[in-house]
Amino acid sequence: MIPFLTAAVILGILSANLPGISTAVEGILQPGLTLSAKRFMRLGIVLLGLKLSLVDVAELGWKTLGIVVAIVVLTFAGTLILGKALRLPGDQPILLAAGFSICGASAIGAMGGVTRADHRATVVPIALVTLCGTLAIAALPALKGPLGLDTVTFGYWVGASVHDVGQVVATAQTAGPTALAAALIIKLTRVLLLAPMVTGASVVDRYRRRHKANAPMDRGTPTKAVVAPGIKLPPLIPLFVAGFMLMIVVRTLGLLPSSALEAAGIVQDLLLAAALFGLGASVRLRSMLRTSGRAIVAAMLSWALIAVLAFVGVQLI
């Protein structure tokens, strides 16, 4: 079974590469697809916060929470180093790092928002994180027996290593409801780290822009302590990240009935599906395969990195 959001990416890619419809995608449909890829992604990320309760996270205990945080941080740092070592262009290293360490396409969209990356720059990272997450649906269940994992430990491994929430569900449910429950709580704890990770990136980006604005024109010109006119610094905490954190508080306090949460979940899936379809429609397969060889290598190494770190980590839980 292909997860809903993964299917949205695939359909978007097909629409951009099949004869006939690709003409409309590149023409009359382009403004709407661009709007979906940028605005709908952020709205979907805000509603994603309603899936998280701080009470559930607290029940994991400090040891488990610390292990999950370590897996995310080490994967993020390792992928960032890999991307830079392979000389990936632009923001690809940090976008891949966010996607593989936290929550797939949603994290890439959020990180792209704070780094002011063109939405087309997110296409390759999203395509690669979607590919690896889809491969995990088949690969991880096949490894459960050879690795000697029991049901709960397998669920933890899936939650700690698979990228998108839908892909986690599709992978963990192969081992039954107990594995699925274990996978989801670990996965949603990873999603919780989206806010501090993206906020940290926003702070770094803000500092970088301020430093660039204040850089002297030449060695004889002193550096001023003000931002140059026309240089617009990004907000310290992006609005959609603040909205994401607010929704976590709303869910934790139980301010919404279950029916409202279910409706919000449906809207969130539709928004993210529309955004991912729009991003997928930016993919030109021939161009991507021709120019993204190093990104593919980085993605595969990052996938292996998080799988190994997660496996080691869950043995300690």
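The values are calculated or read from the model by the stated rules, or taken from the named source; none is laboratory data. Bear in mind the structure is a predicted one, so any value in this text is a computation, not a measurement. For neighbour counting, all protein chains shown are included, and Cβ atoms are generated from backbone atoms with ideal geometry for every residue, glycine included. Surface areas here come from the heavy atoms of the whole protein model, side chains and all, with no ligands, DNA or RNA. Shrake-Rupley method; radii C 1.70, N 1.55, O 1.52, S 1.80 Å.
Among the residues of region 16-31, those identified as of a type in the set (Gly, Ala, Ser) and out of contact with any Gly (no Cβ under 8 Å at 6 or more places or on another chain) are Gly20, Ser22, Ala24, Gly27. Restricted to region 1-76, the set of helices (runs of 4 or more DSSP H) holding at least 1 residues that are touching a Ser or Thr at 6+ places or on another chain (Cβ under 6 Å) and closer than 23 Å to Arg251 by Cα comprises 41-48, 54-58. Checking each residue in region 6-30 for being open to solvent by less than 80 Å² (accessible area, probe 1.4 Å) and hydroxyl-bearing (Ser, Thr, Tyr) picks out Thr6, Ser15, Ser22. Among the residues of region 110-120, none is identified as modelled with pLDDT of 75 or more, among the aliphatic types (A, V, I, L, M) and open to solvent by 10 Å² or more (accessible area, probe 1.4 Å).
The residue of region 138-155 that is most open to solvent (accessible area, probe 1.4 Å), among those that are outside any helix (DSSP H, G or I) and closer than 21 Å to Leu60 by Cβ, is Asp150.
Here's the yes/no breakdown for (1) closer than 25 Å to Leu35 by Cα; (2) part of a helix (DSSP H, G or I); (3) modelled with pLDDT of 90 or more; (4) under 22 Å from the mean Cα position of the chain (by Cα):
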position	(1), (2), (3), (4)
Arg251	no, yes, yes, yes
Val267	yes, yes, yes, yes
Leu270	yes, yes, yes, yes
Leu276	yes, yes, no, yes
Val283	yes, no, no, yes
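Do we find a residue being of a type in the set (Val, Ile, Thr) and outside any helix (DSSP H, G or I) anywhere in region 115-127? Looking for residues that are of a type in the set (Val, Ile, Thr) and outside any helix (DSSP H, G or I), one finds at least one in region 115-127, hence yes. If you filter region 90-107 down to residues that are closer than 17 Å to Asp205 by Cα and in a loop (DSSP other than H, G, I, E, B), you find that the one that is least open to solvent (accessible area, probe 1.4 Å) is Asp91.
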